Amino acid sequence: MTTEDVQKITQHMYSPSTADIELITKAYDVAEQAHEGRFRYSGKPYLSHLTETARMLAEIGMGAHTIAAGLLHDTIEDTDLTPEELQKEFGDEIFFLVQGVTKLGSVRYYGSDRHNESLRKLFVATSQDIRVLIIKLIDRLHNMQTLQYVPKEKQLRIARETLEIYVPVTHRLGMGRIRKELEDLAFPYVYPEEFKKITDLTKHIVKKSEVDLEKSRKTLQKRLAEAGIRDFHTSYRAKGMYSLYQKLKRREWDMDNIHDFLAIRIVVPSIEQCYQVLGIVHELWRPLPQRVKDYIAFPKPNGYQSLHTTVITTNSTILEVQIRTKAMHSEAEYGIASHIMYKNIQQGKKETISGGAKSWFSTLVPSLFRPFIWRASKNAETQTQMIKEEHEHKQKIPHWIQEIASAHTTNDSSNEFFDGLKDDFFSYRIFVFTPEGDVVDLPVGASPIDFAYAIHSDIGDHTSGAKVNNKLVELDTKLNNGDIVEIIKNKSNKPTQKWLSYAKTSLARRRIRTALTSQNEVHHK
Ligand code: MN
């Protein structure tokens, strides 16, 4: 049993070493023992969830440590295995990954839209290491694949959490294949009526399309071979139901306005061949005017690269043709995971990462660092002030963020790239809560004073005390990730000179200085 299951996992790895296989086998054995006698809602042994998670991690190109952590990801939370035992048996790295996944489990969606953006931020920040996030996404993918066995009353919450929190994260990370699967698995639970409407609308097309697509693919394959193109790969797909739903909502629910319901994908070795194939396709089938898109020369904001064209095939099917290289293909399917994958197989295959492939990061960073606005306030005057502050903040993007955002233009290896990501992104920010549950992001070393000013300058100016996790603290206390911070206000209180040394953010320091200056002016009058 062990050998067979382990092989199911390792067969997807690119030439795993003996040590890799030993590590995965050991993780499997420990997981099997720890979860002994526990079952999933489906009736299957709990181990099946772990084997599947590990197998999918191997499939998307993760290395042995991440796969082992995938096998062990539920041990701390659900079994008698202690964190100490885990660390002793598997070392710091795997322990860190499992612990990260366990922590992420506490970030929960409670059904209020107000917190979604905060939750997504917190979700990414809590993960600390991008591999933690990937394990958690794959864990969720398997939970969604088996959602039909979960008690009815839990299904909707899990499915909505998937659409609101997990799907946007997969999008930011450019993991297109996992995004599509999560969306389509959650769709029928969250929007049952709309799902039925879409299914009815596409029923006849879906039936007919299989045959059409296969015919078109054969014709195309033949043509490409005749043109001397070797080593290419073709596949076809129907558009995901959820993404079709999103598009139909914007296009008057008319299928005639949808041109990419069916698509054929051609993956070739070089960029040069992409353009050559485009010529062959246009020679073979009539292209629709103004539907040719060169996302190779002009990548999409999330880094996506491909040539797109829409054609009418000989059996008058409207077909989108997507042409890309292997690197672009992995990038589109697995996003950030594909960078780790290339790192793993670098010795074996000479495939370079294109410049555009890294730009997911420049989209990830600014959107995550959009300054936080306190949404609880409804007062119009404070709103105007907050918008002004947000504007000021935007113009003052910290230097290190600008540096990373432009990092994708340099030729650093993906290894350095990831080290940079870990250091900068995760070690300079902390995320703390208001008592209402909103998240405020602050630099490491921030104090309750920074927190107070981040919420509103009026709150900052009249701070008289602070509670962290319900305990009164000094105003120079350093805040930690996940702290719940409450500011005690006193109308007669004013900023003092000392506050300047407590404040870490430039926003707070500027406000304090302004307040001090006006106090002095009053005194001198
Ligand atoms: Mn799990």
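Can you name the condition, by its number, that residue 478 falls short on among (1) closer than 30 Å to residue 103 by Cβ; (2) not in a loop (DSSP other than H, G, I, E, B)?
(2)
Can you report the number of residues in segment 225-237 which are open to solvent by 40 Å² or more (accessible area, probe 1.4 Å) and outside any loop (DSSP other than H, G, I, E, B)?
5
Name the residue that is most open to solvent (accessible area, probe 1.4 Å), counting only residues in segment 82-110 that are more than 14 Å from the ligand (Cβ to nearest atom) and of a type in the set (Ser, Thr, Tyr).
Looking at the filtered set, the residue picked out is 110.
Just one of the numbered conditions (1) surrounded by fewer than 17 Cβ atoms within 10 Å (Cβ to Cβ); (2) under 25 Å from residue 317 (Cα atoms) is not true of residue 220; which one?
Condition not satisfied by residue 220: (1).
Scanning segment 121-146 for residues that are open to solvent by 20 Å² or more (accessible area, probe 1.4 Å) and at pLDDT 65 or above, which turns out nearest to the ligand (Cβ to nearest atom)?
This residue is 143.
What tally of residues in segment 254-269 results from selecting those that are touching a residue at least 40 places away in the same chain (Cβ under 8 Å) and outside any helix (DSSP H, G or I)?
The number of residues fulfilling the criteria is 11.
From the residues in segment 53-72 that are modelled with pLDDT of 95 or more and in contact with a Lys or Arg (Cβ under 8 Å, 6 or more places away or on another chain), which one is nearest to the ligand (Cβ to nearest atom)?
69
Tell me which residues, restricted to segment 488-516, are aliphatic (A, V, I, L, M), buried (at least 19 other Cβ atoms within 10 Å of the Cβ) and either at pLDDT 95 or above or farther than 17 Å from residue 441 by Cβ (or both).
Hit for segment 488-516 is 512, nothing else.
For segment 26-45, enumerate the residues that are among the small types (Gly, Ala, Ser) and more than 14 Å from residue 81 (Cα to Cα).
Hits for segment 26-45 are 37, 42, 43.
In segment 444-467, what residues are surrounded by fewer than 19 Cβ atoms within 10 Å (Cβ to Cβ) and either at pLDDT below 80 or hydrophobic (A, V, I, L, M, F, W, C) (or both)?
Of everything in segment 444-467, those that are surrounded by fewer than 19 Cβ atoms within 10 Å (Cβ to Cβ) and either at pLDDT below 80 or hydrophobic (A, V, I, L, M, F, W, C) (or both) turn out to be 444, 459.
Taking segment 147-157, which residues are open to solvent by 30 Å² or more (accessible area, probe 1.4 Å) and either within 16 Å of the ligand (Cβ to nearest atom) or in contact (Cβ under 8 Å) with a residue 12 or more places away in the chain (or both)?
Within segment 147-157, 149, 151, 154, 156, 157 qualify.
Identify the single condition in (1) away from the ligand (no atom under 16 Å from the Cβ); (2) of a type in the set (S, T, N, Q); (3) at pLDDT below 95 that residue 79 does not satisfy, given that it satisfies every other one.
Here residue 79 meets the rest and fails (1).
Is it true that some residue in segment 149-157 is of a type in the set (S, T, N, Q) and farther than 15 Å from residue 245 by Cβ?
The answer is yes; a qualifying residue exists.
Please go through segment 26-52 and pick out each residue that is assigned to a helix (DSSP H, G or I) and either surrounded by fewer than 18 Cβ atoms within 10 Å (Cβ to Cβ) or modelled with pLDDT under 95 (or both).
Listed by number, the residues that qualify are 26, 29, 33, 48.
Please specify each residue of segment 158-189 satisfying the condition of being away from the ligand (no atom under 16 Å from the Cβ), open to solvent by 30 Å² or more (accessible area, probe 1.4 Å) and either closer than 23 Å to residue 41 by Cβ or over 19 Å from the mean Cα position of the chain (by Cα) (or both).
160, 164, 181, 184, 188, 189
The values are calculated or read from the model by the stated rules, or taken from the named source; none is laboratory data. Quick caveat: nothing in here was measured; it's all calculated off a predicted structure. Please note: Cβ atoms are built from the backbone with ideal geometry, for glycine as well, and neighbour counts cover all protein chains shown. These area figures cover heavy atoms from the full protein model, side chains too; ligands, DNA and RNA do not enter into them. Shrake-Rupley method; radii C 1.70, N 1.55, O 1.52, S 1.80 Å.
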